[in-house]
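J.: One structure, as structure tokens, below. Some questions next.
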Amino acid sequence: MTSNPVFVALDTTDLDYARELAERVRPDIGGLKLGLEFFSAHGPQGVRGFEGCGLPIFLDLKFHDIPNTVAGACRAAAQLGVSIMNVHAQGGAVMMRAAVEAAKSVSPSTKVIAVTMLTSLGDEDLPSVGLTPPVADQVLRLAGLAQQCGLDGVVCSAHEIVRLRAELGPDFLLVVPGIRPAGSALGDQKRTLGPRQACDAGASLLVIGRPITAAPDPALAAREIAESLLVSVA
Ligand code: C5P
């Protein structure tokens, strides 16, 4: 997909700011992540606006609905030319298979990945939604199900990388948010890892937001991360 594993999360509703930021960091990143915040404000047109920047796009909309509806949403998202999209594994096997089939019928190269358990949920939250702790076991079970259903990978927290890589093999995409280079603020992220450590542990792609977007010089922050990963920078 790209030799630089860093996808920058453009978490904003400000279209001009998002475009300007993407342009500034473009030489030193591997892709862009557009999520619910951006999509709710700007929709498909907003996503198409990034076509010209030549970077792969991860459309992070976390679909979770009945199979027919998710399949339709995946077909529509695949038509936007995005490289990665995602669904909730908790939508079940039939839904995940429908998602993959629908997305690949439009764009065979688009990767469909699954969210297992939201990283905002802890062991203490599981019984109230009818699940048995620990979270780590739920993550492994749902990631295995996603793999059986033909998904290309999962989103996982830094602290799940080693176990999932060992269980799911070398080719399954592990897309990891919550990345914090040394010295950057944790914000609301709890289970963090540095970029180099996450890649060494077996991450395929890193989703990085505020350590780049909120840095005084986002281009410099992106370049330093790229250099720490020993990827070639332009
Ligand atoms: O700013 P920060 O680096 O924390 O941004 C991380 C990005 O990854 C955000 O867009 C956030 O929504 C996303 N994400 C996450 N945890 C997950 C799934 C997605 O932080 N489990």
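J.: Give me the Å³ per residue figure for the convex hull around the C-alpha atoms of the stretch 55-109.
T.: Hull volume normalised by residue count: 62 Å³.
J.: Can you compute the FRET efficiency between LEU118 and GLN45 using 1/(1 + (r/R0)^6), with r the Cβ-Cβ distance and R0 = 25 Å? Round to the nearest 0.05.
T.: Computed FRET efficiency for LEU118 and GLN45: 0.35.
J.: Roughly what % antiparallel, to the nearest 5, for the DSSP beta bridges in the chain?
T.: Of all bridge pairs located within the chain, approximately 0 percent are antiparallel.
J.: If I stretch the segment between GLU20 and ARG196 completely, what's the gain in nm (0.36 nm per residue apart, minus their alpha carbon distance), one decimal?
T.: Details: separation 176, 0.36 × 176 = 63.36 nm, distance 2.68 nm.
Gain in length upon complete extension: 60.7 nm.
J.: Taking N as the number of residues in the stretch 133-229, what is its alpha-carbon radius of gyration divided by 2.2 N^0.38 Å?
T.: 1.14
J.: Amide H to amide H under 5 Å from ARG180: which residues, 5+ apart in sequence or cross-chain, H placed 1.01 Å off N in plane?
T.: Those qualifying (amide H under 5 Å, at least 5 residues apart or on another chain) are LEU193, GLY194.
J.: Can I ask one more? Ignoring everything except DSSP H segments at least 4 long, calculate the 222 nm mean residue ellipticity for the chain; use -39,500 (n - 2.57) per segment, divide by total residues, nearest 500.
T.: -12000 deg cm²/dmol
J.: Need one number: nm distance between label points at ASN68 and SER105, each 7 Å from Cα along Cα→Cβ, rounded to one decimal.
T.: It is 1.3 nm.
J.: Determine ³J(HN,Hα), in whole Hz, for all residues of the stretch 37-48 in sequence, where each value follows from phi through the Karplus function 6.51 cos²θ - 1.76 cosθ + 1.60 and θ = phi - 60°; x replaces Gly and Pro.
T.: With coefficients 6.51, -1.76 and 1.60, one gets 5, 5, 5, 5, 8, 10, x, x, 4, x, 5, 4 Hz.
J.: Here's another thing I want to ask about it. Scale the Cα Rg of the stretch 161-218 by the rule-of-thumb value 2.2 N^0.38 Å and send over the ratio, two decimals.
T.: Working it through for the stretch 161-218, the quotient is 1.19.
J.: What area, in nm² and to one decimal, does the C-alpha convex hull of the chain cast on average over all directions?
T.: 12.0 nm²
Read the figures in this text as sums done on the coordinates, not as results from a lab. Quantities reported herein were computed from a predicted structural model and do not represent experimental measurements. Quick reminder, even Gly has a Cβ in these numbers, built from the backbone with ideal geometry, and neighbours come from all protein chains shown.
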